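Presented below is the structure to which this report refers.
The values are calculated or read from the model by the stated rules, or taken from the named source; none is laboratory data. The model shown is predicted, which means the values in this text are computed figures rather than measured ones. Backbone-built Cβ (ideal geometry, glycine too); neighbour counts: all protein chains shown.
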Amino acid sequence: MPHLDAGYNLARWLTRDVHDAEDVVQDACMRALKYVGTLRDGAARAWFLTIVRHAFYDWCGRNRPAEILKDDGTAIDMAADETAMGPEQAALRSSESRVLADAVAELPLVFREVLVLRELEELSYKEIARIADIPVGTVMSRLARARSLLRRSPLLHSIRGRTSGGEQ
Amino acid sequence: MNCNEAGMLVAKYADGEVDSLQGRSIEQHLRGCAACAAKHQDLLALRAQIGAEVPYFTATPELRERVRALLANAQDTARARPRPKRDRWGWLTGGFVAGCAATLLAWGVGTTVIAWRANEDVAVEAVATHVRATLNNHLIQVASSDQHTVKPWLSARLDYSPPVQDLASEGFALTGGRLDMLNKQRVATLVYSRRLHTIDVFVRPESAPAPSTLRTVRGFNVVHATGSGMDWIAVSDVSADELTQFVQRLAQQTATP
């Protein structure tokens, strides 16, 4: 299982829980075995990540249906505000390097998955589009949104202290 | 390129997703535009920070072991049970359906052709019988214009009782009856005369309902009709219209005194 780590990493970031991630990965492995016939050459990692993502959404539908509901565009800002912490809360947290990771973990699901696939798996827009079953344009806009949410995150501001120079 | 156009490209550029042409124009723009260059730097910094601070989780050895066992187990059971069960059934179902379709098609075409041929044969045979009877002058075995004489005579010699009707009032006089072989089957033949013409009407139990058909074989008109549970095949040299009317009148058996 050469792409087990990639699958586990994605599951871990999607579920944000060690044990849930393991459940999802195991389910995905069973599915992979079943659908091994649909695997095309040279895209094994993206193929397996697609399966992991499907396994996650099925799992999520069973265990955390509320999280999928945030998928629609109108809920995005609300979700971002809900999940983001207040500055004082952030200040209470250790101001160590885990801060950015926490900010990523608190991104709404649709942005988190695109960001993780891009920044951690280092997949191309096209591959991400295929895995997440969305157009490339949507990948780009979600990625941009994910990054701006990270920059706006109170967690980060308390740490980085500086504003991005380019914004007018 | 202005900053608007550069907006989306900056992210693409930072992600290494631009082609060489776009790359050149964005680089040119970034050199001249401090705001966009700052955006680009900011993006690169964020990417670098994510790369440095956001962990990539790897599967624990326990998970790895569990998955390995899971897969080995699944493969074993798959090997024990002939694996492509679903596929095999798929083929079987496909083959079965295709076979059924082919059989049905062949059967449909076959019966159509056979029915058509049989019709053809019956018409030809009916004309041949009519001609033979006329030439041999043995048109009539039971000579009577009385339907109550002809009917029992025929019934006694057949396993069915054909309806017999004298239509002398309408210009079709019953002159008698005889037995014939038609399509390897004994049939009752009713003989009518219309002025100087002779009309043979072959009556046999209805095999399949068929619409009235008119054919002409060697100059004779052959009209086929069904009614009263019988097949009626009339052969004569009278006009087609008259013959059709007559045979339909017989088949309907409207007035039986």
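General remarks:
- Qualifying residue in the range B:32-39 (condition: surrounded by 17 or more Cβ atoms within 10 Å (Cβ to Cβ) and farther than 22 Å from A:Arg152 by Cβ): yes
- Only one entry in B:Ala72, B:Ala45 is over 27 Å from A:Ala103 (Cα atoms), more than 7 Å from every other protein chain (Cβ to nearest Cβ) and hydrophobic (A, V, I, L, M, F, W, C), namely B:Ala72.
Residue by residue, here is whether (1) at pLDDT below 85; (2) closer than 15 Å to B:Arg64 by Cβ; (3) more than 16 Å from the chain's Cα centre (by Cα); (4) polar (S, T, N, Q) holds:
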site: A:Val25; (1), (2), (3), (4): no, yes, no, no
site: A:Leu39; (1), (2), (3), (4): yes, no, yes, no
site: A:Thr50; (1), (2), (3), (4): no, no, no, yes
site: A:Arg53; (1), (2), (3), (4): no, no, no, no
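- Selection count, the range B:53-65, where residues are within 7 Å of chain A (Cβ to nearest Cβ), within 30 Å of A:Lys34 (Cβ to Cβ) and assigned to a helix (DSSP H, G or I): 2
- Criterion (within 30 Å of the chain's Cα centre (by Cα), at pLDDT below 80 and surrounded by fewer than 17 Cβ atoms within 10 Å (Cβ to Cβ)) met by exactly one of B:Pro205, B:Pro209: B:Pro209
- When B:Pro152 is tested against the conditions (1) without any contact (Cβ under 8 Å) to a residue 12 or more places away in the chain; (2) exposed (fewer than 12 other Cβ atoms within 10 Å of the Cβ), the lone failure is (2).
- Of all the criteria given as (1) crowded, with 17+ Cβ neighbours inside 10 Å; (2) over 30 Å from A:Asp27 (Cβ atoms); (3) facing chain A (nearest Cβ under 7 Å), the one not satisfied by B:Ile50 is (2).
- Taken over the range B:1-19, the criterion of being more than 60 Å from the chain's Cα centre (by Cα), more than 7 Å from chain A (Cβ to nearest Cβ) and in a helix (DSSP H, G or I) is satisfied by B:Cys3, B:Asn4, B:Glu5, B:Ala6, B:Gly7, B:Val10, B:Tyr13, B:Ala14.
- Strands (runs of 3 or more DSSP E) fully within the range B:176-237 counting 3 or more residues that are closer than 21 Å to B:Arg132 by Cα and among the aliphatic types (A, V, I, L, M): B:185-194, B:197-205, B:230-236
- Residue tally, condition more than 8 Å from chain B (Cβ to nearest Cβ) and either charged (D, E, K, R) or not in a helix (DSSP H, G or I) (or both), over the range A:2-53: 17
- Qualifying residue in the range B:120-134 (condition: hydroxyl-bearing (Ser, Thr, Tyr) and touching a Gly at 6+ places or on another chain (Cβ under 9 Å)): no
- All told, B:Val127 falls short of being farther than 18 Å from B:Arg178 by Cα and under 42 Å from the mean Cα position of the chain (by Cα).
- Of the residues making up the range A:99-120, those that are within 10 Å of another protein chain (Cβ to nearest Cβ) and modelled with pLDDT of 90 or more are A:Leu115, A:Val116, A:Arg118, A:Glu119, A:Leu120.
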